[in-house]
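In what follows, a structure is listed as structure tokens, so that the remarks can point back to it.
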Amino acid sequence: MQKSVLALAWPYVLLAILTSLFVNVLFLTSPIYLTQIYQRVLASQSQNTLIALSAIMVLAFASLGVFERLRSWVFGRLATRLDLKIAPRLLRQQLDNTQAASGAASGDLRQMTSDLDQIRRFLSGPGPAAIIDLPMLTLYVAVLFAMHPWLGIYALGSACLVLLLAIIGFWRQSGRSQHHSTAKLVSYKAIDKADQGRDLLRAHGLAPALAGLLSHRRMALSRAEAASTAATQSWSSVSKTLRMVLQSGVLGLAAYLVLNSLMPPALIFASMILLGRVMAPIDVLSNAWSSMLASQTAWQRLGKVDLEPASGAAQRGLSLEQPQGQISLQDVSLSTKPLQGEPVPILDTLTVDLPAGAVIALIGPSGAGKTSLLRLIAGLGAPTTGQVLYDGIEVTGLAPSQRRQLVSWGPQQAQFLPGTIAENLSGFQPDVPGEALIQAASMAQIHERITRLPLGYETPIELAEAIMSGGEKARLSLARALFGPPKLILLDEPTAALEVNLRQQLAARFQALAQQGQSLIIATHDPVLIHNATHVMRLDGGRLAAFGPREQVLAQTKMAPPARGPQPGSSPLTASRLGSSPRNASPLNASPLGSSPADPMPPLPQSPLPQSPLPQTLGSQRGAPASGGAAGLRAGLKVVRPEDAFDPPPIPDPSIKKQGS
């Protein structure tokens, strides 16, 4: 990353050096003008000479202003270009970092963006110009040598002494600055963590205790920073006092030279102006120490992140022309390495082929590795050993542009991204048909709740999260996973926050999706989902304990579903669903509830939506008239109910015993 940044910065640095050369030459205007006033105007008493010299002086200072403005523009432009070059790569690399899931440190995104802002602020400030001006000191020292060697020696010695003090101050402050920067980062993270658990703190009455602990840590950090600032200010005061003494002392030296007829009187004040220019960049750098140290620390942190663009093949990935959604695990193991000690195994040599077009219930005790396995299949991390293959291609090598159509991920905790409900459901795809949003939301039984929000599907997600309950947010997250739908749907405890009747309805939706060719892998403890799956995969301690057709695995694990039969008052359709299937029926063809293969679950309707004033797409977005765009979408969404779009057969409660048993 640092090499590419330096390659980008060199043209701007060269232009800044060139402009700085003109700036420093033009700074000689003031001593030259003063000398000419003494030697020419006062000696000749000529007003015309005074006017001519003044006109030249004004023109020179105007040029100085132009070149200084140009130099500021160069550094500002450099800061902007660096931000435009690094920020997109930084955001993409950190947001799409597959190593984070496998236990590797990926860095704190907030801290990295803050580091980038710190570097940009420093480049836009006076510090870089002062650094470039340091070598230009030789110009003023050379002029003082030309005026008299003693003045040159005095200026050179003064500059070296002040610069030495500045370097010592920089060295003393460097260690403290890096330590305080790390301590502040830890403090901010702790405060963010406490803010996220605000409800827990209030519920358990822990706020006073935690507030006292955080305040104590912050007070200790503040005292350390105050001591460091006091030491820095003391050192700065010593350096400033020395600069004032040296700058005034040159007047005494110049006066001594004039008294001994070694120098004309006109050069007394010129020598003071020139020595001031020698001290100026050192003075600016002394005042910018803190910003320079913070930028140095930020640069070191960013330098540890590999932001070089991937090769063209790596960026494109591999595409599948006709994806099937078949997952193959080949000796997959996953372990995480703690800060101290040996790696901790999570998954241990899993080898299994998961069929396409199936509803696979991933079961096992808590801590068995179900979520970790789903994350690997979703491509959120790489296994420690082995391969996770999607239709024969490694999951992490799939083309990012095709990933949304191939696999979706519904985490156990509902997580949403900045934007609207429509943007979250569609994955920020442009021109999404309203019907597709309604279909996904209806499958998750959340469409009607969305239409009651102030702006419907165009409601900002932050407002929706504040209004919705935990179960509603879980269904909204499920709707996002079902949008499309992709060939492979991965769900982690999708019914944990839902009531029984909704669980049964979702089980029917999952079955219908499988019959249409989608593959579903669902980590769950829910008996409703388990007893309506086509296959069951059981993990225990990170190992594969069992995998196969549902009835077979449940029988092995003594979790066979209870007997089912027609209930009094049940409809003929319901009764037909409760018939038993032949023993030799394929688990993929038989109804998950045990119905006959000749009576399969009907697929999702191709045109489930009644005619309603829906817009064709969501492309118009906000501010559109009521007949289209967001307003038209909100108006159209409210007339469609989930039961109008999907009417699956009722799913009996597995807990109901068969009559006569």
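The values are calculated or read from the model by the stated rules, or taken from the named source; none is laboratory data. The model shown is predicted, which means the values in this text are computed figures rather than measured ones. Backbone-built Cβ (ideal geometry, glycine too); neighbour counts: all protein chains shown. The accessibility values were calculated without ligands, DNA or RNA, using every heavy atom of the protein model including side chains. Shrake-Rupley method; radii C 1.70, N 1.55, O 1.52, S 1.80 Å.
A simple spin-label model places the labels of Ile191 and Asn260 6.1 nm from each other, with each point 7 Å out along Cα-to-Cβ.
For Ser477, Ser63, Ser248, give me the order by solvent-accessible area with a 1.4 Å probe, most accessible first, ignoring ligands, DNA and RNA.
From most accessible down to least: Ser248, Ser63, Ser477.
Working from label points 7 Å from Cα in the Cα-to-Cβ sense, the Arg217 to Ser248 distance is 4.9 nm.
In segment 396-486, the alpha-carbon atoms span a convex hull of 93 Å³ per residue. For the residue pairs Lys3/Lys370; Lys85/Lys473; Lys189/Lys473; Lys3/Lys240; Lys370/Lys487; Lys337/Lys487, the alpha carbons lie more than 31 Å apart in Lys3/Lys370; Lys85/Lys473; Lys3/Lys240; Lys337/Lys487. When the alpha carbon gyration tensor of segment 210-305 is reduced to an equivalent ellipsoid, the three semi-axes, largest first, read 46, 18, 7 Å.
Give, in nm to one decimal, the length gained when the segment between Ser54 and Lys3 is fully stretched (0.36 nm per residue of separation minus the Cα-Cα distance).
Stretched fully, the Ser54-Lys3 segment lengthens by 13.5 nm.
Using a simple spin-label model with pseudo-atoms 7 Å out from Cα toward Cβ, Ala280 and Cys160 lie 2.4 nm apart. Computing FRET efficiency as 1/(1 + (r/R0)^6) for Glu342 and Ser237, where r is the C-beta to C-beta distance and R0 is 56 Å, gives about 0.55.
Using R₀ = 22 Å, calculate the FRET efficiency as 1/(1 + (r/R₀)^6) where r is the Cβ-Cβ separation of Gln330 and Asp540; round to 0.05. Plugging the Cβ-Cβ distance into 1/(1 + (r/R0)^6) gives 0.65.
In the context of the full protein assembly, Arg218 retains an accessible surface of approximately 110 Å², using a probe radius of 1.4 Å and ignoring ligands and nucleic acids.
Of Asp540, Asp117, the order by accessible heavy-atom surface (1.4 Å probe, DNA, RNA and ligands excluded), from most exposed downward, is Asp540, Asp117. If the segment from Gln47 to Ala497 were pulled out straight at 0.36 nm per residue, it would be longer than the present Cα-Cα gap by 152.8 nm.
Estimated at 0.36 nm per residue, the fully extended path between Gln552 and Tyr38 surpasses their Cα-Cα distance by 174.2 nm.
For an R0 of 45 angstrom, estimate the FRET efficiency from the Cβ-Cβ distance between Leu70 and Thr396 and round to the nearest 0.05.
That pair, Leu70 with Thr396, gives E of 0.40.
With all protein chains in place and ligands, DNA and RNA left out, the 1.4 Å accessible area ranks Arg403, Arg40, Arg375, Arg110 as Arg110, Arg40, Arg375, Arg403, largest first.
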